[in-house]
1. Within region 110-130, can you find the residues that are among the aliphatic types (A, V, I, L, M) and not in a loop (DSSP other than H, G, I, E, B)?
2. Can we say residue 88 is of a type in the set (S, T, N, Q) and modelled with pLDDT of 95 or more?
3. Looking at (1) open to solvent by 40 Å² or more (accessible area, probe 1.4 Å); (2) at pLDDT 90 or above; (3) not β-branched (Val, Ile, Thr), which is the only condition residue 113 fails?
4. Can you name the helices (runs of 4 or more DSSP H) wholly within region 38-109 that have at least 1 residues being aromatic (Phe, Trp, Tyr), open to solvent by 80 Å² or more (accessible area, probe 1.4 Å) and free of Cβ contacts under 8 Å to residues at least 40 places away in the same chain?
5. Suppose the filter is touching a helix residue (DSSP H, G or I) at 6+ places or on another chain (Cβ under 9 Å) and open to solvent by 60 Å² or more (accessible area, probe 1.4 Å); does residue 146 pass it?
6. So the check is Cβ under 6 Å with 6+ separation or different chains; which pairs have a first residue in region 119-147 that's among the aromatic types (Phe, Trp, Tyr) and a second one that's surrounded by 14 or more Cβ atoms within 10 Å (Cβ to Cβ)?
7. Would a scan of region 113-121 turn up a residue that is over 23 Å from residue 22 (Cα atoms) and out of contact with any Phe, Trp or Tyr (no Cβ under 6 Å at 6 or more places or on another chain)?
8. Only residues that are in contact with a helix residue (DSSP H, G or I) (Cβ under 9 Å, 6 or more places away or on another chain) and open to solvent by 30 Å² or more (accessible area, probe 1.4 Å): list them for region 122-135, please.
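The values are calculated or read from the model by the stated rules, or taken from the named source; none is laboratory data. If you're wondering where the values come from, they're calculated on a predicted model, not measured in any experiment. When we count neighbours, we look across all protein chains shown, and the Cβ atoms used for this are built from the backbone with ideal geometry, even at glycine. When the accessible area is computed, the model is the full protein with side chains, heavy atoms only, and any ligands, DNA or RNA have been set aside. Shrake-Rupley method; radii C 1.70, N 1.55, O 1.52, S 1.80 Å.
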Amino acid sequence: MIKWLQKLKPVEQLIAVAIILILLMWIWKLVKAYALNISNKAEQVGEVAALQSAGMRKTYTDSQYKTFADQLYYAMKGSGTDEEAIFTVMSKMKNDLDIIALESKYGLRPDMWGSQHNLQQWLRGDLSSGDLMRLNGILSSAGITKS
């Protein structure tokens, strides 16, 4: 590859190096996001087991959580945020297992630049501090401890 690069004109070399660096940074961000997702899933397994042993049960089916996750994504994707759609979906969550299941079905979703983010990252990035306080109020009024 070095010989190939040396055959290029100086301007072409600069462009090629810049493209390679951008690709490497993008790959690094992607790997980091997936590592975080795996870590979160491992943490959730223990939390789910503890909550289920305490008698808590999920309120909805997996397909319903997937639908909720899709609704949240489309409420935040692109320019502008549909805060009311977010509050409507989140007000349907009845316990911590519902939140865990929703986060699991949301997984990692790309923003407009291709970076992958989980549900908490999307919410923190799209909602104002006042909206986050309102959202946490909705969750805590349902007895949900996750915020």
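1. Initial filter on region 110-130 (among the aliphatic types (A, V, I, L, M)): 112, 119, 123, 127.
Within region 110-130, 119, 123 meet the criteria.
2. When the stated conditions are applied, residue 88 passes them.
3. Failed condition: (2).
4. Details: elements: 62-76, 83-90, 96-106.
Output list reads 62-76.
5. When the stated conditions are applied, residue 146 does not pass them.
6. Taking only residues 6 or more apart or on different chains, the pairs are 122/76.
7. Filtering region 113-121 down to residues over 23 Å from residue 22 (Cα atoms) leaves 119-120.
Now narrow it down to the ones that are out of contact with any Phe, Trp or Tyr (no Cβ under 6 Å at 6 or more places or on another chain): 120.
Yes, there is a match, as at least one residue in region 113-121 is over 23 Å from residue 22 (Cα atoms) and out of contact with any Phe, Trp or Tyr (no Cβ under 6 Å at 6 or more places or on another chain).
8. 124, 125, 126, 128, 131, 132, 134
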